[in-house]
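Notes follow the structure.
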Amino acid sequence: MEAEIPLTEDTFRALSRSSPWRFSALHFTWRTRDGDIECWLRRPGWLRVRDAGGDRVERGEAPVFDPKPVLRTDGLVESRSRAYTHDIDDPMWNNYVFVSMLDPEELSADVVLSDLRSEERAGRETWWARVVPGDEYEPRCGCCPLLWSWASDRDEYGDGDPGWEPSAGTVYPEAYDVALDVATGVVVQLTPVGGSRPDLGFETTIHEAELSVVSV
């Protein structure tokens, strides 16, 4: 059995880098304002989704795990390539928020963490943090980041111009409350704090997971 890992800013960041190497299969329900979908994911590259329209199967190309990550003694990932620089993605459903929910590497750098706490959620150990994206925050996809912010919009729509301004009426959240499932590294809850986009929030309920830590 894996030893219990203490929750610190460092371990929260490490867990957010670790998902691709912590599980091989996952059965879960993803809840957004668009409704619920039930999903069966098997790595590499296979996804079955059941939504209001019935079952659909998405097959992606087998991800390339290169270069390999550097693992810590606690089993979490110390360092890896940034998610946007290589292709180890799970199949996408609708947009890259789904992909980043399954591999939230973008939460590991250029964000400020506070209010860390460990709680049980749906019978599973869960790490919570209040997360504020910094000016250099880099999401997996700029048009659908986990943390919608001035920084993500600046790089996506303003070509990185530090003087770029969003359209009138845009109000970004001041922070996000984010929960990571400790066993898998998946985001199981994300809630914007303030802002003009309450639709950004979602919840993930994990029903079953096959865990596996890759030796490197």
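Per the 1.4 Å probe, what fraction of the accessible area of the chain, in percent, lies on carbon and sulfur atoms?
Answer for the chain: carbon and sulfur cover 47 percent of the accessible area.
Counting Lys and Arg as +1 and Asp and Glu as -1, what is the net charge of the other residues whose Cβ lies under 12 Å from the Cβ of Ala52?
For residues surrounding Ala52, the net value is -3.
Could you tell me which of rounded, prolate or oblate describes region 163-213, using a ≥ b ≥ c as the square roots of the eigenvalues of the alpha-carbon gyration tensor, with rounded for a/c under 1.5 and, failing that, prolate when a/b is larger than b/c and oblate otherwise?
Cα axes put region 163-213 in the prolate bin.
Quickly estimate the mean residue ellipticity at 222 nm for the chain, helices only: each DSSP H run with n ≥ 4 gives -39500 (n - 2.57), and the total goes over all residues, rounded to 500.
The helix contribution divided over the chain gives -3000 deg cm²/dmol.
Give the accessible surface of region 67-118 per residue, rounded to a whole number of Å², with probe radius 1.4 Å and ligands, DNA and RNA excluded.
42 Å²
Among the GluC sites (Glu not before Pro) in region 11-77, which ones are in a DSSP loop with at most 16 other Cβ atoms within 10 Å of the Cβ? Mind listing them?
Glu61
The values are calculated or read from the model by the stated rules, or taken from the named source; none is laboratory data. In this text the structure is predicted, and so the values were computed from the model without any measurement. Neighbour counts are summed over all protein chains in view; Cβ atoms, including those assigned to glycine, are modelled from backbone coordinates with ideal geometry. Only protein heavy atoms, including side chains, enter the accessible area calculation; ligands, DNA and RNA are left aside. Shrake-Rupley method; radii C 1.70, N 1.55, O 1.52, S 1.80 Å.
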